[in-house]
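Asker: Have a look at this one before I ask anything.
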Amino acid sequence: MRLFYWVALIFFGITQAQATTPVQQHTMKNGLNIMLMEAHHVPMVAMKLIMPAGSRFDAQDKGGSAALLAAMLTDHTVKHDYLAWAGKLDDASILLGAGTDKDSLSISLTVLKEAMDEGIDAFSEALLQPGWDKQRFKLKQQNTISGLTKAQEEAGTFSAIAEGELLFPSHPYGHPTSGTLDSVKNITLRDLKTLYAQQVKPVGATLAMSGDITMDEAVKLVQRYLGNWHGAPKKVLADIEKPTPSDKKERHHVMDKHQMLIEWVRLGPSRHDDDYITMMVLNHMLGGGGFGSQLMEEIRERRGLTYGVYSYFQPYETHGAYIIRLQTRSDQAEEAEVVLKQVLADMTSGKITQDMLDKSKTNLMGGFAQRMDSNRERVGLLAMMGFYHRPLNYLENWTKSVESVTLADVLQGAKKYLQPDDWKQIWVGPEQER
Amino acid sequence: MWMKKLLLLCVLGLMAAQTQAAELKRVSFDNGVQLIVEEDHSAPVAMVQIWLKVGGRDEVPGKTGLAHVFEHMMFKGSKKLEAGEYSKIISAMGGNDNAFTSTDYTAYFETIPSAEVNRVLSMEAERFAHLKLRDKDFQSEIKVIMEERRMRTEDDPNSRMFEELSAASLRLHPYRNPVIGWMQDLEALTIEDVRAFYKQHYVPANVTVVVVGDVDFKQVKRTVAKTFAKMKARKVAPRFNPTEPEPLGAKRVEVVIPAQLPLIAFTMPVPSWVPHHNDKQAAAIALATEMLAGGKSAILNQVLVNEKRVAIAAGAGYDPFTMGLDLWYAYGSTGIGQDTAKFEQAFWALMDKMGKELPNERKFEAAKRRMIANTVFSQDSLYLRAKHIGILETVGIGADEKDRWLDLIRAVTPEQVRDVFKTWFIQSRATTGLLLPKAVK
């Protein structure tokens with residue numbers, strides 16, 4: 001493959017709705033927010049329930065709790081042990097999964113239209129009737145510890161830890177979502193039960209749906225299977241302080257590798273910042289747009305120093321990390337870093353043309369429809385909209401928002417975010433003088 | 001119970017109808033170019049894929065990686081377009097483009113607004129016919145590819161072990177070589193190799209154009225007739241497809257590199273699907289593999305991870321859609337305190353048992369339903385739909401066989417699954433690969 005395809009797509013941010021598929025919304029009596037896009041051409045339904053129960057809600061020194069909770073909820077229930085549960089899901093080809101990020105815990109379902117009833121029944125059982133089996137918890141915990149040990153073969157594991165240390169000291173975003181070798185050992189089943197009891201609630205949660213289903217059908221099913229779910233989370237999503245980065249400027253983790261992983265990091269915009277759209281467009285020009293982006297042109301296309309270089313920011317409830325990442329043969333690391341710095345300096349000093357801006361905007365706007373052309377992509381988008389309280393016409397207005405970004409806006413954004421000296425440097429790879 | 005069975009039969013019935021709903025429209029041009037279109041008007045989007053009957057298997061010794069290098073060079077400029085300009089034009093229309101190379105094929109694809117399909121097809125034909133292939137671009141791109149290899153293989157212990165394992169598993173068959181190429185070969189390749197490869201393999205008779213999305217077949221046909229079909233016909237030699245000798249006994253390879261935890265894997269050469277020749281056999285291997293590694297009740301996971309606790313993860317893989325042979329694999333990722341020898345013992349005990357007994361009926365039926373449901377779920381992605389058509393066509397199975405594969409899966413019997421374990425998944429046919437961690441700094 002000429003380039004990892006997904007990377008360029010994920011961080012564009014939001015994509016466009018087609019005029020023919022409006023977003024429908026309904027609030028259930030228990031406060032659960034339903035968002036739906038109908039798509040009747042494939043006999044399937046995808047859904048994603050998103051709740052404020054991500055890794056930032058892990059208790060002190062117990063990082064990885066939310067991720068373990070997600071794994072436990074989909075492993076078995078009070079009515080079905082893990083074997084019976086696996087059999088029940090497989091009998092009807094029900095795909096049930098769960099995941100976490102810094103802010104959220106989500107449970108996903110993909111099911112054939114005909115098995116919709118059984119699918120949402122299983123979904124509700126996983127959500128509302130957790131089994132809390134002690135032996136399964138122990139096995140999951142041990143396997144997580146082994147998995148984290150195995151992950152120490154990857155440079156990215158150490159750069160993620162370094163991001164936390166440099167950008168989020170003493171902040172709930174500071175630890176990896178999966179936890180660390182030290183923190184996962186501290187987690188008990190009681191911690192998971194507490195997190196569940198406090199945060200897994202319908203108020204503040206969004207159930208995003210897409211596929212061969214109407215809102216009437218959806219509301220009836222949700223009422224039937226999730227109607228008895230009640231309550232509000234103890235901690236709300238908005239209750240979080242802006243992180244204060246550390247004074248440290250750099251971190252070098254030594255590993256026996258052929259390549260150096262170079263990451264430049266700083267805080268990026270939050271989901272709610274006024275300049276969010278401007279920054280999305282600016283980042284597309286910097287390193288979010290794959291080929292054609294400034295970093296890719298200068299570091300890969302002109303100099304052949306890397307297979308891929310990307311930039312992206314993580315727009316959470318408050319400011320997440322803004323990351324520029326590349327890997328290169330270790331003896332070329334400094335050369336690549338000099339170019340990276342020059343690209344940032346050039347963009348900060350105003351070397352952004354109207355033509356560059358127009359091209360990025362055209363790509364973002366033109367790619368609107370295709371970037372949400374599957375049910376699973378659509379539910380991801382709808383879940384984000386519901387969770388972060390984007391207006392219902394968000395998709396409709398998205399193109400207009402991108403279109404309205406001016407050269408002055410991106411120049412200002414570059415001054416605010418791309419100053420080379422404001423970035424911190426992470427190196428993971430062989431020992432080397434800098 | 002009866003009610004449940006009835007319901008599931010209905011589900012299967014409907015799925016059969018749905019998976020066969022999209023009709024493939026095709027035309028074959030005089031110079032050998034094939035066009036296959038699947039119209040889907042649900043969104044104003046289209047997927048264009050250009051498939052070539054050339055991949056890693058077509059490289060000669062000492063020149064591994066060449067098919068993939070060539071894929072990169074397709075973005076380095078043609079008579080009408082500068083290096084990199086192709087992707088910029090696609091980007092400006094709001095599209096994305098990329099490419100991939102496998103052992104059996106190379107494909108170039110674009111996701112674009114459907115109004116741009118004809119323009120993109122013309123651009124694809126232009127670069128195909130008039131590639132520049134300058135040494136300056138090659139020198140820069142080969143460096144990029146070496147970085148790609150360092151990232152994907154040299155610095156990834158699991159990948160590195162699988163690369164060594166594949167090389168040790170096969171004596172003759174070209175699947176023993178990595179598609180990205182051995183580093184020693186990459187270092188020795190020249191622009192002359194690339195030019196010779198272009199001349200030999202990038203000929204009309206090796207091309208299949210696949211378009212899925214909001215398009216009109218007649219319109220696409222007219223465009224292809226004016227572009228790809230206009231190219232001069234050239235002869236193509238039969239593809240390199242040797243018969244791998246049957247293994248004479250178990251083999252073993254150890255890879256000692258910096259890593260944290262061991263990984264153990266087994267490979268066995270098995271037949272892939274040759275329609276009307278080994279229909280039952282290939283479908284049975286696919287279903288047996290699905291039972292072992294698919295879904296939440298995957299047998300490898302249930303027995304080796306959950307019950308015997310000899311690994312933290314286990315899986316297996318079979319690709320029925322190749323040119324006659326697949327290197328089937330299974331693996332176990334062992335955790336802290338888990339021993340690969342115990343995994344190995346438990347794995348072969350399980351294979352042995354499955355070769356002696358008929359499979360669990362419920363798991364057997366669930367595996368069939370999953371394979372069919374997954375086909376419905378993959379209809380959700382234009383990329384996957386086009387890719388499946390392209391693969392079937394390029395490896396010689398034929399895209400029109402697409403729906404019959406599901407019929408074959410439905411028809412597999414429990415006895416046939418048992419026999420797969422007796423015939424193919426046996427220790428004396430296997431090569432074992434072990435990743436053994438060297439102390440990490």
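Asker: Give a quick list of GluC sites (Glu not before Pro) in segment A:200-283 that DSSP marks as loop, anything other than H, G, I, E or B, with at most 16 other Cβ atoms within 10 Å.
Answerer: A:Glu241
Asker: Shielding by partners for B:70-80, please: the mean number of other protein chain Cβ atoms within 10 Å of each residue's Cβ.
Answerer: Counting other chains' Cβ atoms within 10 Å and averaging over B:70-80 gives 1.
Asker: Still on this structure, please answer the following. Per residue, what volume in Å³ does the Cα convex hull of segment A:277-317 take up?
Answerer: Taking only Cα atoms, segment A:277-317 has a hull volume of 52 Å³ per residue.
Asker: Also, I was wondering about something else. In Å and on Cα atoms, what radius of gyration and Dmax does segment A:250-429 show?
Answerer: Looking at segment A:250-429, its Cα Rg and Dmax stand at 16.9, 51 Å.
Asker: Now, a different point. Once the Cα gyration tensor of the protein assembly as shown is found, what semi-axes does its equivalent ellipsoid get, as square roots of 5 times the eigenvalues, in whole Å, sorted largest first?
Answerer: Values for the protein assembly as shown, descending: 37, 36, 30 Å.
Asker: Could you please tell me the mean projected area of the C-alpha convex hull for segment B:251-438, averaged over all directions and given in square nanometres to one decimal?
Answerer: One quarter of the hull surface, i.e. the mean projection, equals 11.3 nm².
Asker: Work out from phi, with θ = phi - 60° and the Karplus expression 6.51 cos²θ - 1.76 cosθ + 1.60, the ³J(HN,Hα) of each residue of segment B:409-426, listed in order in whole Hz, and give x for Gly and Pro.
Answerer: 4, 4, 8, 4, 9, x, 4, 5, 5, 4, 5, 4, 5, 6, 8, 10, 8, 10
Asker: Additional query: Of the DSSP beta bridges with both residues in the protein assembly as shown, give the percent that are antiparallel, rounding to the nearest 5.
Answerer: Of those bridges, close to 80 percent are antiparallel.
Asker: Given the convex hull of the Cα atoms of segment A:312-380, what is a quarter of its surface area in nm²?
Answerer: Answer in nm², one decimal: 7.5.
Asker: Roughly what % of DSSP beta bridges within segment B:251-438 run antiparallel, to the nearest 5?
Answerer: 70 percent
Asker: What number, rounded to the nearest 500 deg cm²/dmol, is the helix-based mean residue ellipticity at 222 nm of chain B, given -39500 (n - 2.57) per DSSP H run of at least four residues and division by all its residues?
Answerer: Helix-only estimate at 222 nm: -13000 deg cm²/dmol.
Asker: A:Lys249 label point, 7 Å along Cα→Cβ, cut-off 20 Å on backbone N: hits in segment A:317-352?
Answerer: A:322-325, A:333-349
Asker: Which ³J(HN,Hα) values in Hz, rounded to whole numbers, follow from the phi angles of segment B:202-212 under the Karplus curve 6.51 cos²θ - 1.76 cosθ + 1.60, where θ = phi - 60° and Gly and Pro get x?
Answerer: These are the phi-based 3J(HN,Hα) values: 8, 10, x, 5, 9, 9, 10, 9, 10, 10, 10 Hz.
Asker: Tell me, Kirkwood radius of chain A from alpha-carbon pair distances, in Å?
Answerer: Roughly 22.9 Å, rounded to one decimal.
Asker: Test of understanding: express the Cα radius of gyration of chain B as a ratio to 2.2 N^0.38 Å, with N the residue count.
Answerer: 1.04
Asker: Would you calculate a helix-derived [θ] at 222 nm for chain A, using -39,500 (n - 2.57) for each DSSP H run of n ≥ 4 and dividing by the full residue count, to the nearest 500?
Answerer: The per-residue figure over chain A is -11500 deg cm²/dmol.
Asker: Moving to a separate point now. Over segment B:269-315, what is the mean sequence separation of C-alpha contacts under 8 Å (at least six apart), divided by residue count, expressed as relative contact order in percent?
Answerer: 21 percent
Asker: Right, another one. Within 10 Å, count the other beta carbons around each residue, average over each peptide in A:295-301, B:81-87, A:389-395, and list them highest first.
Answerer: Top to bottom by mean Cβ count within 10 Å: A:295-301, B:81-87, A:389-395.
Asker: Tell me, rounded to the nearest percent, the portion of alpha carbon pairs in segment B:22-230 spaced more than 22 Å apart.
Answerer: The proportion of pairs with Cα distances above 22 Å equals 52 percent.
Asker: While we're on this one: Counting other C-beta atoms within 10 Å, and keeping those with at most 15, which DSSP coil chymotrypsin sites (Phe, Trp or Tyr not before Pro) do you find in segment B:143-252?
Answerer: Those that pass, being in a loop and sparsely packed, are B:Phe240.
Asker: Among A:Arg378, A:Arg190, rank each residue by its count of other Cβ atoms within 10 Å, from fewest to most, as a rough exposure measure.
Answerer: Lowest count first: A:Arg190, A:Arg378.
Asker: What relative contact order, as a whole-number percentage, does chain A give when Cα pairs under 8 Å and 6 or more residues apart are counted?
Answerer: Relative contact order of chain A: 24 percent.
Asker: Contact order normalised by length for segment A:281-434, with contacts defined as Cα pairs under 8 Å and 6 or more residues apart; what percent is it?
Answerer: After rounding, I find 24 percent.
Asker: Scattering from the C-alpha atoms of segment B:279-340 alone, worked out with Debye: what is log10 I(q)/I(0) at q = 0.14, 0.28, 0.29 1/Å?
Answerer: Calculated log10 I(q)/I(0) at the listed q: -0.45, -1.11, -1.16.
Asker: Mind checking the angle between helix B:279-293 and chain B's longest principal axis? C-alpha axes, 0 to 90 degrees, to the nearest 10.
Answerer: 70 degrees
Asker: Give me the three principal axis extents of segment A:181-312 from the C-alpha atoms, as integers in angstrom, largest value leading.
Answerer: Here the spans come out as 60, 43, 31 Å, largest first.
Asker: Any number yet on Rg/Rh for segment B:131-245, C-alpha, Kirkwood?
Answerer: 1.06
Asker: Sorted by mean Cβ packing within 10 Å, highest first, what order do the peptides B:110-118, B:343-351 take?
Answerer: Top to bottom by mean Cβ count within 10 Å: B:110-118, B:343-351.
Asker: Roughly how crowded by other chains is peptide B:84-96, in terms of the mean Cβ count from those chains within 10 Å of each of its Cβ atoms?
Answerer: Mean shielding count: 6.
Asker: For labels at A:Asp61 and B:Lys353 in the simple 7 Å Cα→Cβ model, what's the distance in nm?
Answerer: In this crude spin-label approximation the distance works out to 4.3 nm.
Asker: Distances over 18 Å make up what percent of all Cα-Cα pairs in segment B:30-141?
Answerer: More than 18 Å apart: 55 percent of the Cα pairs in segment B:30-141.
Asker: Now for a different question. Evaluate E = 1/(1 + (r/R0)^6) for B:Asn306 and B:Arg134, where r is the Cβ-Cβ distance and R0 equals 56 Å; express this FRET efficiency to the nearest 0.05.
Answerer: For B:Asn306 and B:Arg134, the calculated efficiency is 0.50.
Asker: Hey, what angle do you get for helix A:116-128 against the long axis of chain A, alpha-carbon based, 0 to 90 degrees rounded to 10?
Answerer: 80 degrees
Asker: Taking only the alpha-carbon positions of segment A:8-226 and ignoring solvent, what does the Debye formula give for the base-10 log of I(q)/I(0) at q = 0.14, 0.17 Å⁻¹?
Answerer: Evaluating at q = 0.14, 0.17 Å⁻¹ gives log10 I(q)/I(0) of -0.94, -1.25.
Asker: Right, here's the next one. Considering every residue in B:155-161, what mean count of other chain Cβ atoms within 10 Å of its Cβ is obtained?
Answerer: For peptide B:155-161, the averaged partner shielding equals 3.
Asker: Same structure again: Please turn the phi angles of segment A:296-306 into ³J(HN,Hα) values with the Karplus equation 6.51 cos²θ - 1.76 cosθ + 1.60 (θ = phi - 60°), one per residue in order, whole Hz, x for glycine and proline.
Answerer: With the stated coefficients, segment A:296-306 comes to 5, 4, 6, 8, 8, 5, 7, 10, x, 8, 8 Hz.
Asker: Starting from one equal scatterer on each C-alpha and no solvent at all, send me the Debye-based log10 I(q)/I(0) for segment A:62-169 at q = 0.09, 0.20, 0.23 Å⁻¹, two decimals.
Answerer: -0.30, -1.06, -1.25
Asker: Counting only DSSP beta bridges with both residues in segment A:250-429, tell me the antiparallel percent, nearest 5.
Answerer: 80 percent
Asker: Another question, if that's okay. Take each of the peptides B:44-53, B:264-273, B:29-38, average the number of other beta-carbon atoms within 10 Å over its residues, and list them starting from the highest.
Answerer: The peptides rank, most packed first, as B:44-53, B:264-273, B:29-38.
Values quoted throughout were computed directly from the atomic coordinates according to the rules given, and no laboratory measurement underlies them. If you're wondering where the values come from, they're calculated on a predicted model, not measured in any experiment. Quick reminder, even Gly has a Cβ in these numbers, built from the backbone with ideal geometry, and neighbours come from all protein chains shown.
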